[in-house]
Each structure stands twice: as structure tokens, then as C-alpha cells.
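> Pasting a structure here, questions to come.
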Amino acid sequence: MSSSQQGIAARKQPMKLNTLVTLMLSAVIVLVLLSVHMFYFFQIGAATRAQLEDKAMAVARTLAKFPEIQRALILPPNATSIQPIAKAVQESNNLLFVVVTNMDTIRYSHLNPELIGQHFIGTDIEPAIRGHENVSVNQGVLGRAMRVYTPVYNAQHKQIGVVVVGISLSAVTDQINQSRWSILWTILIGTFAGAIGTFVLVRVLKRILFGLEPYEISTLFEQRQAILNSLKEGVVAMDDQAQMTLVNQAARSLLNDSMGTISGDRIYDASVINDHLQDVLQSGRARRDEELNVNGRVLLSNTVPVRSQGRIIGAVCTFRDKTEISQLMQRLTGMVNYVDALRERSHEFMNKLHVILGLLHMKNYTQVESYILKTANNYQTEIGFLLDKIKSPVIAGFLLSKINRASDCGHRLTISDASFLPDSGNEQQMAALITVIGNLIENALDAMSEQVEGEIHVMLHYQNGWLTYEVSDDGPGIEADHLSTIFEKGFSTKGENRGVGLFLLQQQTENIGGSVSVESEPGVFTQFLVQLPWDGGNQSA
């Protein structure tokens, strides 16, 4: 890798959590504090100025009410005691000046005694001469100042003069700046406290997130979602508040969520899943390998509690359509039966070869010819016919094994000459057909177990997308009262823990859109007729 590529890779490295949080919080704190500072910067300036104005106005009003000043204003300027009073008030309140004038704006007091008796400088005194208090900023003998004017009235409430209090603008600015510096200290303290809080927050977040960085968490989340959605098993998780927290794609498909049957707190039309999850939440005991009937599907589920630090924080239910498992088992069983049948035929063929070899040693060629022709005819009748009519090797092997089993039981199983089965059914149809064939033949053998000889006749006929399977036997038959209940789960005349085969047969048949019917005459015959949809294309018998 070149140095430029290394530089690009380095620049693309995600920012760490502590750096990211520190920068974000620091930016927010600084922005807030600066905004507050700017707001109070102007607010405090105005407030400080107003405070100084109020102070100066209070001093001016107080002097205007002094009886000595009211009496002295009717005397000449140099013959009064106003100057000492004004000087004392000016020094004690740190004012620039305190000036008292009569109605002709002649000064009765001033910081410079030589100016007493002269006219007050500035036209901003005119509102006060007319009896109105006012505040202004103007240039005077002592420099630029903020001036506060208030009229002076005698006992008859007649205006006789004006009191002017002056505050240097430099003093006003100093006071404002001093107030603003207190805000700066507040900002510095707030920044320091924010930095400490940010450091603590980062440490707490890192501990909560197990030391992982944000990009690592997002990567783990994406991997988790990909893994969950790639599973064929449905996965549903619930937290300790009985709220749904996870439903993967396989679960939605198995629970038929196309109509919105899954919400934030439960799975509608699948209450058995909810019940299992809530039961595990309350009891803390796992429920393993249980069959659930949900929306017509038989699911094999495992529900386990989720614990953290010894406390149950949720429950997880994983499930899979048992039909798929049954299909795999039945397909494997069909292949095993096919292999077993071939193995039996292989042993039988070896025996026949030994017979032929013995006859050849005896040079009995006529018997050899007769024996070979008979063997060939039997093969053509039993196996050649079966493979010619039944194109699916799984079903052919399955039927061959049932023929051998019937023979071992002392009975005969025959396949109708009109039979035809194309090898094009899907997995679900194949599984249903194996269930139908196996259960009906086994039921027939079981029914004829007490008779010496019996015959089972089987026909498989395909046409126009439908497969008709017919099996009949000459066993004892079924009582008329039982014909309507033989497909119920648990019903059997053979004892307890039976009555499952016909129930599963009807369930799988109807699940793929097929039908099953039965006719029986006690002591004469029993006949089952099953119709299944079959993906056979345009093939027909």
C-alpha cells in the first residue's frame, strides 16, 4: 500500500467514543456559556447603568428635599451653606459633582468653588427647569458625564431650583466591566464543571457499552441482523416487561406475518408462542423440543430464559416447521428403504446365481434355462414394472420395501397396472405422499395381523395436476360408527398411545390442499381414497 493510500485509510478511521463525546459536549457547553455571556454582557451593562442612574437620582431627590437647600436658594449664591453640603454628599457617594442651581441656572455649588455664581453649562438642564426629572450624557467643565436632574420645590410646592448629580462615564464603564468580569468567572467555573461531567459521562458510557466504540457496535449489530435473517429457524425474543424485542425474517414467514400479526408486545394468532415466552419468563425453566400448532403449522420449539448477573432479563423462543424435519426424515427413510430393498434383492440375486452355478455344474441345461426365464419374469413383474410406473426412486423404493414387509407378514401387496407417478412433486407433496402411503399400508397390515392371508391393493394415478392414491384391503373392515372419528387424534381400537397416523395423514393432506375419504364394509373390505395436488406438468398416464 502506498503512503497516500495509507494516509486515506488513516483519515477514514472512525473517531473514538471518548473523543466524540468530549468534543460534542464541549462544543455544546461552550456555545451555551458564550450565548449566556453575550446575553448577560448587554443585560448587565444596561442593568448597571440603570442602577447608577437610580443611585444618582436618589441622591438628587434627597438633596432636593433638604430644608437648608430650599432656604438657601432664595439667597445669593455665595452667601449660602449649599457648597459644604454638596461637597460632603459628592465625596461620600463617590460622585463626579453635585451642583445646585436656581431657576436662572446660576450655580450654588460646584467641585470648583470659583465657578459658583456662574451659569450651568448645557441645554439638557432645561427639562428640569420646567419641572421634569431627566437623565442625559453631556460634556461639562469636569469632562463627559452622565447627569441626573431633579427640580427643587419650596414648602408652597413652587419650583425654586434644580439639583444636578454627575457621574463620570469612566466610572460607569468601570462598574459595568466589573460586573461583566463576574460573569466571566461564572463561565470559567461552568466550563470546568462541564469538563469534569464530560469525563465522568464518557467513563460511564464506556462501561455500559463494554468498552466498545460506536463503529464496533454498529458492525456487531449489522452482523447480528445478517446472522438472524440467514437462519432458517424462527427466532422471537421478549424482554422482562413482556415486550417483543426481536422477530427475525424466518419467524415472520413461519407465523404468516403478511397480515401484520406481529406487533411490539405480542404475536397475534400465535398466542401459544406468547404463552411459552411468558411462562419461561415467570418460571425461569426452559421448555425444549415441544410441538406447537400455530396457524395450521406444526412447529418444533425451544424456549429458554435469558439471564444476566443471575437475573432473568428476557426469554428467547426458536422454532422450525416440523414439516421440514418430517420431510427430511421421510425422504431419508425412503432412501434407506430403497437401499434395504436393493440389498435384499442383491442377496436374493446372489442365491439365484448360486443355483444357476450348481445347475451348470450338474450340466442340467434344461433346468438352467427354465430357472433363468422364471427369474427374469419375476424381476419384470416385481421390480421392472414398479420402476416403469413409479418414476420417483424414493417412492419406488418405499413401495418396494412395503411389498417385502407385506410378504414377511404373510400377506400380499400388489400395485395396480393402471398406476403412474411422475417424479416431479415438490418436497411438501412428496412428504405428504410418503406419510399417506406409509400410514395406510401399515394400518392395513395391522388390521390383517390376525388373519392368515390377506391382500392389499395399491393404485397411484396422476392426471391433470392431481394424484389419486387408492389403497384397499380385505381385512376385518371398520365399523360404521367409527368412520367419522378415525381421523381424530388419539382415536384407536388397538389400545392407548395410538391413533396418531390417520390424524397426521389428514392434516398433511389438507395442508397442501388435498382430501381423504374412506369406505368400509366390516368383514369384506376397507378402501381409502386420497387426492393430492402434484406438480407433474403435462405428464399423464
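The values are calculated or read from the model by the stated rules, or taken from the named source; none is laboratory data. Computed from a predicted model, the values in this text were never measured in an experiment. In this analysis, Cβ positions are derived from the backbone assuming ideal geometry, glycine residues included, and neighbour counts consider all displayed protein chains. When the accessible area is computed, the model is the full protein with side chains, heavy atoms only, and any ligands, DNA or RNA have been set aside. Shrake-Rupley method; radii C 1.70, N 1.55, O 1.52, S 1.80 Å.
> Taking the conditions exactly as written (modelled with pLDDT of 70 or more and not in a helix (DSSP H, G or I)), does THR245 satisfy them or not?
Yes; evaluated as a whole, the condition is true for this residue.
> For residues that are open to solvent by less than 60 Å² (accessible area, probe 1.4 Å) and not in a loop (DSSP other than H, G, I, E, B), scanning just region 227-242, find the one that is modelled with the lowest pLDDT.
LEU228
Residue-wise test of (1) within 22 Å of ILE312 (Cα to Cα); (2) small (Gly, Ala, Ser); (3) over 20 Å from the mean Cα position of the chain (by Cα).
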| residue | (1), (2), (3) |
| --- | --- |
| LEU201 | no, no, yes |
| LYS206 | no, no, yes |
| LEU209 | yes, no, no |
| LEU220 | no, no, no |
| ARG224 | yes, no, no |
| ASN229 | no, no, no |
| LYS232 | no, no, no |
| ASP239 | yes, no, no |
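> Then there is this: For region 311-322, check the following and say yes or no: at least one residue is more than 22 Å from the chain's Cα centre (by Cα), at pLDDT below 80, surrounded by 13 or more Cβ atoms within 10 Å (Cβ to Cβ) and part of a helix (DSSP H, G or I).
yes
> Something else now. Check whether at least one residue in region 58-69 is within 30 Å of ILE187 (Cβ to Cβ), among the aromatic types (Phe, Trp, Tyr) and at pLDDT 70 or above, and report yes or no. Don't jump to the end; show me each part of the working.
Here is the first cut: in region 58-69, the ones within 30 Å of ILE187 (Cβ to Cβ) are none.
For region 58-69, residues within 30 Å of ILE187 (Cβ to Cβ), among the aromatic types (Phe, Trp, Tyr) and at pLDDT 70 or above: absent.
> Looking for whichever is open to solvent by 50 Å² or more (accessible area, probe 1.4 Å), under 28 Å from ALA432 (Cβ atoms) and modelled with pLDDT of 80 or more here; the options are ASP269, ASP279, ASP275, ASP289. Which one fits?
Just one listed residue meets the conditions, ASP289.
> Among the residues of region 448-459, write down those that are modelled with pLDDT under 85 and either touching a strand residue (DSSP E or B) at 6+ places or on another chain (Cβ under 9 Å) or open to solvent by less than 10 Å² (accessible area, probe 1.4 Å) (or both).
GLU453
> Something else now. Just give me the residues in region 61-120 being of a type in the set (D, E, K, R) and within 23 Å of GLN139 (Cα to Cα), in sequence order.
The answer is ARG61, LYS87, GLU91, ASP104, ARG107, GLU114.
> Continuing with the same structure: Where in region 365-417 are there helices (runs of 4 or more DSSP H), lying wholly inside it, with at least 2 residues that are at pLDDT 80 or above and among the β-branched types (Val, Ile, Thr)?
Because the criterion is at least 2 residues that are at pLDDT 80 or above and among the β-branched types (Val, Ile, Thr), the helices (runs of 4 or more DSSP H) in region 365-417 that meet it are 393-408.
> Just name the residue that is modelled with the lowest pLDDT out of those in region 460-484 that are surrounded by fewer than 11 Cβ atoms within 10 Å (Cβ to Cβ) and of a type outside the set (Gly, Ala, Ser).
Looking at the filtered set, the residue picked out is ASP481.
> List, please: which pairs have Cβ atoms under 6 Å, are six or more places apart or on different chains, and start with a residue in region 455-483 that is aromatic (Phe, Trp, Tyr) and end with one that is assigned to a loop (DSSP other than H, G, I, E, B) and open to solvent by less than 40 Å² (accessible area, probe 1.4 Å)?
Within 6 Å, the pairs are TYR462/PRO422; TYR462/TRP534; TYR462/GLY536.
> Kindly indicate whether any position in region 469-483 is closer than 15 Å to SER517 by Cβ and part of a helix (DSSP H, G or I).
yes
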